[in-house]
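The values are calculated or read from the model by the stated rules, or taken from the named source; none is laboratory data. Being a predicted model, the structure only gives us computed values, none of them experimental. Don't worry about glycine lacking a Cβ; one is built from the backbone with ideal geometry, like all the others, and counts go over all protein chains shown.
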Amino acid sequence: MNKLSFTVLWALLVWAGATLFFFLFGHWVLVEPAADHYWLTLLLLEIGTAVFLYAVTLLYIRFDRQSNAAVKFAVCGTTVGLFLDTFSISYHSSVFASLSEGQVIAFTAWMSCAYALYLAIPLLVHYSKGIKNERKSFL
């Protein structure tokens, strides 16, 4: 399996995991934007997403040892996920049948922030790894 296919496979697994999470638990964890605790709930979901993406990025770069692995993971994962979420949102009444319209809006808000995190966190890992390597070579 070439490196790009490996990255696409990881991207598909991350997307499938997130989609499955909201398919199974979305009606419990997503609240409508009009709810008093909407922003707190969204913030907690994004914090959980950030921790998950950080852990998955660290795991991914253990398997892909190329120097740009985290960057490749960020770009490929975001591209694959956004493409597939075009369909999951377009057919939300089938994919997320248990969600209300307000919860679908909450999901898309979460998703927008999550893709920003999907780009930012692997890039931060990449640059922090580069800074650590520079410090090692300096000493």
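For the reader, a short list of remarks on this structure follows.
- Being part of a helix (DSSP H, G or I) and free of Cβ contacts under 8 Å to residues at least 24 places away in the same chain is a property that residue 87 has.
- If the condition is being over 13 Å from the mean Cα position of the chain (by Cα) and hydroxyl-bearing (Ser, Thr, Tyr), then the range 64-102 contributes 67, 86, 88, 90, 91, 93, 94, 98, 100.
- Candidates in the range 54-100 are the residues that are closer than 18 Å to residue 24 by Cβ and either in contact with a Lys or Arg (Cβ under 7 Å, 6 or more places away or on another chain) or among the polar types (S, T, N, Q) (or both); of these, the one that is surrounded by the most Cβ atoms within 10 Å (Cβ to Cβ) is 88.
- Residue match in the range 32-39 (condition: closer than 21 Å to residue 16 by Cα, loosely packed, with under 12 Cβ neighbours inside 10 Å and not acidic (Asp, Glu)): no
- Residue satisfying condition, being over 18 Å from residue 127 (Cβ atoms) and touching a helix residue (DSSP H, G or I) at 6+ places or on another chain (Cβ under 6 Å), within set 71, 51, 80: 80
- Lone unmet requirement of (1) of a type in the set (A, V, I, L, M); (2) assigned to a helix (DSSP H, G or I); (3) modelled with pLDDT of 95 or more for residue 99: (2)
- Restricting attention to the range 36-63, the residues being over 19 Å from the mean Cα position of the chain (by Cα) and in contact (Cβ under 8 Å) with a residue 12 or more places away in the chain number 1.
- Failed condition for residue 49, given (1) surrounded by fewer than 19 Cβ atoms within 10 Å (Cβ to Cβ); (2) over 20 Å from residue 3 (Cα atoms): (1)
- Only one entry in 108, 78, 86 is modelled with pLDDT of 95 or more and within 13 Å of residue 7 (Cα to Cα), namely 78.
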